[in-house]
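Down below is the structure, laid out as structure tokens.
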Amino acid sequence: MSDRVLHVENLTVDIPLATGILHAVDGVNLHVDRGETLCIVGESGCGKSLTSLALMDLLPTKATRKIEKLELGGESILGYSEREMSDVRGNKMGMIFQEPMTSLNPAFTIGNQMIETLRRHRNLSNDAASELAKRMLEKVGITAAGQRLGQYPHQLSGGLRQRVMIAMTLLCEPELIIADEPTTALDVTIQAQILLLLKELQSEFDMGLVLITHDLGVVARIATRVAVMYAGQIVEEGTAKQIFENPLHPYTRGLMRCIPVPGKTKRGTPLGSIPGMVPSLIGDFTGCRFADRCELARDVCRQSDVPLRDPNGKVQAYRCIHSIEMLAKGGVA
Amino acid sequence: MLYYTLKRLGLAGLVALTVSFISFGLLYISSDPAIAMAGETASDADIEAIRQLYGFDRPILVQYFDWLQRAMSGDLGKSYYFRTDVSALIAERLSTTMTLGVSAITFAIVLSVPLGVAAAIRPNSLIDRIALFLSVMGQALPSFWFALMLIVFLSVSLRLLPTSGSDTWQHFIMPTIVLGYYAAPAIMRLTRTGMLEVLSTDYIRTARAKGLRPRVVLFKHALRNAVIPVVSLTAVQFGFMLGGSIVVETIFALHGAGFLAWESITRNDLPTVQGLILVFSLFYIVLTFFADLLNAWLDPRIRIN
């Protein structure tokens, strides 16, 4: 178990609103090993970003986090004070955000922002920190790194800024990196480069990586394991191979039907889509959250909550009352 | 930064030139200056003589450049009322106004920026409410009433401070409070709004995700970006204090430039009014120039394209 970088049990995030309490994240369990990439997939509003912020303890002030177990590198960081957490952030656990254009402070140079991170967590001279920052910029593929240190974020393109963000996150060689849609705001060619870079750096530094995305193409490229989130819950979890080759949960299966497969999907045939809408998560909710959009839904689905289960002990768990056999046949009973 | 400074400087020069032309023109917009100078009982021949003596019969542009040349060498003409040099008159009054203006704007900044920041850190908290109360009060209280109340309490009842005059630094305390408190609400609200906005930005989240201490996040990463609009506002407020502190100067009998402006307007002392308008406008221009430079230093996006 020494390889386990992150272990989370029963994470819940509630946001009080005028109309009631929004149960944004509900009972999420996660674990990531060293060198492993866990992709959390789901559509907008399913709670994946809040999950990542909750792990960093950076939730918006009005959101409340409940969590049973939160271990980083085998050590519980659950009871940490804000001060202790700030020693962990940027040091043992780093985060890369979606918007490289706005995630760097416009008023300070790249060098300034990198050096302050290093000097916050390491006892280094300004020159030594500057040298390390420069080397890290080179590592993420930035040319003329020494010169870049003196530049301001607005002088860099989006792709470069995201590279800078990645370099900044890696400075203290964290055990775990959480990347929240790191490529969504970039154009497609840059996306591929950044993903490749993340993958390389991850194996070089032997880190755990949690990658949050709604892009199944990204997942297919990079994931070791996948957790599919729907309406605040994990509805299916397994290795990337299991999820792509043998999806079980009707929602995951629906998602897979939405992707065109080269050579398989015929030109002119409409892509799959999932009818209906995500249910409101305000107030209490009983039963399967996907039931209203599911063609396999029965009355029992709505009567009690459905647990995430792994009946065959194959690490592929799903949150549905139906048997694996039935789901594998596409619900034809 | 050098390019930006030169560009701003050129712009400031152009604005100054325009302003000088307008303030020169004031003399002609209001009335015929020869008639005004000659007085009510003068005959047509007298008026014509004055017109030629002072050169009012020449083309207006010639007169303007002549005036401008003299203004640049510090000669703003003679006051109709005091019969002395306008520039000497203004210089004498300006020191009082400057002392008051500088201390009032300092008081306003020291009061409102920390309160604005504290209010933004904890919105809707007690401190936020106190700040809101203070700023609504500052906005709503007429300066003259507030000034009189201060005199009643601090001078008359408690006998702590002198009521009026400008002899010692104690004379400036109450005027500073009144004038500074008048300017404080806008600065406070803008600091609070700016700070709230900056605190919700992505780069503040990044700063926290890097593990930076709250103090560093707040004062290095947030404040620097939040004060940029505050700098411009403060410059305008300061310019306003130099020219518009007539009420405060009158109540506390501080004979500054604002008071002189009011006197000169009621006396139809056009050269003095003209000189004051020129000086006040130049102050505004200089202040705006420095505010722009300060902002460019704070925000690299302004100075580097």
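Here, each number is a calculation from the coordinates, and none is a lab measurement. Treat the numbers as computed from the prediction; the structure is a model and nothing was measured. Neighbour counts run over all protein chains shown; Cβ positions are idealised from the backbone, glycine included.
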*Within region B:181-222, can you find the residues that are surrounded by fewer than 19 Cβ atoms within 10 Å (Cβ to Cβ), of a type in the set (A, V, I, L, M, F, W, C) and closer than 24 Å to B:Ile105 by Cβ?*
B:Leu196, B:Phe219
_Positions within region B:255-270 being in a helix (DSSP H, G or I) and either buried (at least 21 other Cβ atoms within 10 Å of the Cβ) or among the charged types (D, E, K, R) (or both), in sequence order_ = B:Ala257, B:Gly258, B:Phe259, B:Leu260, B:Ala261, B:Glu263, B:Ser264, B:Leu270
*B:Val156, sole failed condition from (1) under 30 Å from B:Glu263 (Cβ atoms); (2) touching a Gly at 6+ places or on another chain (Cβ under 9 Å)*: (2)
_Any residue at all in region B:68-87 that's of a type in the set (Asp, Glu), within 30 Å of B:Phe24 (Cβ to Cβ) and free of Cβ contacts under 8 Å to residues at least 24 places away in the same chain?_
yes
*asked:* Need the failing condition index for A:Arg119 against (1) basic (Lys, Arg); (2) more than 8 Å from chain B (Cβ to nearest Cβ); (3) touching a residue at least 12 places away in the same chain (Cβ under 8 Å), just the number.
replied: (3)
_Qualifying position, being outside any loop (DSSP other than H, G, I, E, B), among the polar types (S, T, N, Q) and surrounded by 23 or more Cβ atoms within 10 Å (Cβ to Cβ), among B:Thr288, B:Thr234_ = B:Thr234
*Among all residue pairs at least 6 apart or on different chains, which show Cβ distances below 7 Å where the first residue, located in region A:79-100, is among the hydroxyl-bearing types (Ser, Thr, Tyr) and the second is part of a loop (DSSP other than H, G, I, E, B)?*
A:Ser86/B:Gly211; A:Ser86/B:Arg213
_Spans of strands (runs of 3 or more DSSP E) in region A:1-43 with at least 2 residues surrounded by fewer than 18 Cβ atoms within 10 Å (Cβ to Cβ), free of Cβ contacts under 8 Å to residues at least 60 places away in the same chain and not β-branched (Val, Ile, Thr)_ = A:4-17
*When you look at A:Thr286, is it closer than 26 Å to A:Pro16 by Cβ and of a type outside the set (Asp, Glu), yes or no?*
yes
_Being buried (at least 20 other Cβ atoms within 10 Å of the Cβ) and either closer than 26 Å to A:Glu36 by Cα or without any contact (Cβ under 8 Å) to a residue 24 or more places away in the chain (or both): is that true of A:Ala185 here?_
no
*Failed criterion for A:Ala107 (all others in (1) of a type in the set (A, V, I, L, M, F, W, C); (2) away from every other protein chain (no Cβ under 11 Å); (3) in a loop (DSSP other than H, G, I, E, B) hold)*: (2)
*Across region B:212-259, what is the number of residues that are away from chain A (no Cβ under 14 Å) and more than 18 Å from the chain's Cα centre (by Cα)?*
3
